[in-house]
1. If I stretch the segment between residue 133 and residue 70 completely, what's the gain in nm (0.36 nm per residue apart, minus their alpha carbon distance), one decimal?
2. For the chain, what's the relative contact order in percent, using C-alpha pairs closer than 8 Å and at least 6 residues apart?
3. Run the numbers for residue 37 and residue 9: contour at 0.36 nm per residue of separation, minus the present Cα-Cα distance, in nm.
4. Taking Cα atoms, how many degrees apart are the long axis of helix 174-216 and the longest axis of the chain, rounded to 10 and kept between 0 and 90?
5. Using just the C-alpha positions of the stretch 139-224 as equal point scatterers, what log10 of I(q)/I(0) does the Debye formula give at each q in 0.19 1/Å?
6. Between residue 110 and residue 164, take the C-beta separation as r, use R0 = 25 Å, and let me know the FRET efficiency to the nearest 0.05.
7. Placing +1 at every Lys and Arg Cβ and -1 at every Asp and Glu Cβ, with all other atoms neutral, what dipole size does the stretch 26-66 have around its Cα centre, in debye to the nearest 20?
8. In the set [x] 17.8, 62; [y] 17.0, 52; [z] 30.0, 115, which value of Rg and Dmax of the Cα atoms in Å was calculated from the structure you see?
Amino acid sequence: MAAKIYKTLAIIFGVVLIVIGAGASFGGKYAHSFVNDQLGAQEISMPDKEALDGQLKGGRLTQEDVDALSGFVGEKMTTGPQAQAFADHYIAAHMRAAAKGAKVADDKATFEGIGELVNEEKAKLAKEIKSANPTVDDKAIDALVNKEIANKASTNETAQKIAKLTDLRMNTFLNGNSLRGMLLNAYGWYLVGTIALYAGIALIIVGALLVIGGIAVKPKKLNV
């Protein structure tokens, strides 16, 4: 009697696991398909070998970056791993290279860090303008600072530096971080889909074994 109960439970649990596994596998495949469609619609191409070699020689990419990207050379971006490699080893690498070109220290090569440098330089420029215009109040000084920074013909080195840092911060780092965020979000969902897919397959296999075992194994008859 107990053996029959165990067999029945094994079949029931097996069927439940198969159903759950099938649902998880479907969800994983759907996540992959959704990410593929969304990334494919952006028409982003991974860099080709020539581009990688040239940027490695130019110092915009490191060997680690090239190694991470080399498996996807010239491909159209449609998968999470491609998005992650492009975000962390192409966009991020170019952001670092741009910061280095602007002589920004590594510990300041962030959106927030560059903002701090801009504020420091603005304070320096305000001091310069104040020394030349001691009777002008602080509000007017701020207006003169902004005017000097916005003046593309300005010969003031501090104003020129602020303009370059602001461009680096708002165009390179803000846009770069936004793109990286979107690509890494796609990678995250793709990874969740992969985990769900393989977990579903594992559940289906375990469930099938339980069902087969419950059906095939015959309880031993007791000799009285």
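Please treat every number below as a calculation from the coordinates, not as lab data. None of these values were measured; they are calculated from a predicted model. Glycine gets a Cβ as well: all are built from the backbone with ideal geometry, and neighbour counts include every protein chain shown.
1. The span from residue 133 to residue 70 would gain 16.9 nm if fully extended.
2. 42 percent
3. Values: separation 28, 0.36 × 28 = 10.08 nm, distance 4.17 nm.
Net length gain for the segment: 5.9 nm.
4. 10 degrees
5. -0.93
6. E between residue 110 and residue 164, to the nearest 0.05, is 0.90.
7. Approximately 80 debye in magnitude.
8. [z]
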